[in-house]
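Shown next, in structure tokens, is the structure this report addresses.
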Amino acid sequence: MINDLNERLFNFAVNCLKFIRRLPNSAEYKVIKYQLAKSSTSSGANYEESQAGSSKADFNNKVRISLREMRESNYWLRIIESINENNLLNDELKFLLNESSELKNILGSIVHKTRSN
């Protein structure tokens, strides 16, 4: 499961970066693109770091950060969905929204399980 999750987080980041390239260059989108690029790549990077944690507390902390960054990614994708007047890249956006929700749930479950142990 961990390798699958690493792969899903990596693919999510890559797909977000590809999606971002095709968004308009208006002022509001520039801010959103920057924030989404940071949060989507940070989630996977922090989860990757958690795999080499020096302690259980370090692991838990990195997974919590990964969850927080995925929640932020989901937020920015929802903003795009809300301002997306021309249904721009709608299928990709729906896929990324769904994937970010699933990844949030998986990371949240890991945080919950490790907190209770």
Practice task
For every helix of n ≥ 4 consecutive DSSP H residues, a contribution of -39,500 (n - 2.57) applies; sum these over the chain, divide by its total residues, and give [θ] at 222 nm rounded to the nearest 500 deg cm²/dmol.
Solution key: -30000 deg cm²/dmol
Practice task
Determine, from the Cβ-Cβ distance of Asn3 and Ser55 and an R0 of 22 Å, the FRET efficiency 1/(1 + (r/R0)^6), rounded to the nearest 0.05.
Solution key: 0.50
Completion exercise
By the Kirkwood definition, with r running over pairs of different Cα atoms, the chain has a hydrodynamic radius in Å of 14.5 Å
Exercise for the section: Within 10 Å of each residue's Cβ, count the other Cβ atoms and sort Tyr29, Tyr47 from fewest upward. Expected result: Tyr29, Tyr47
Completion exercise
With Cα coordinates, the longest principal axis of the chain makes an angle with the long axis of helix 27-50, in degrees rounded to 10, of 20 degrees
Fill in the blank from the handout: Spelling it out for Leu89: with amide H atoms placed in the peptide plane at 1.01 Å from N, the residues 5 or more places away or on another chain with amide H under 5 Å from its amide H are none
Exercise for the section: Pairs of lysines 8 or more apart, or on different chains, with alpha carbons under 29 Å: count those in the chain, would you? Expected result: 26
Exercise for the section: Provide Ser82, Ser42, Ser50 in ascending order of the number of other Cβ atoms located within 10 Å of each residue's Cβ, fewest first. Expected result: Ser82, Ser42, Ser50
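Throughout, read-outs are computed from the coordinates displayed, never taken from laboratory work. None of these values were measured; they are calculated from a predicted model. We place every Cβ from the backbone using ideal geometry, glycine too, and count neighbours over all the protein chains shown.
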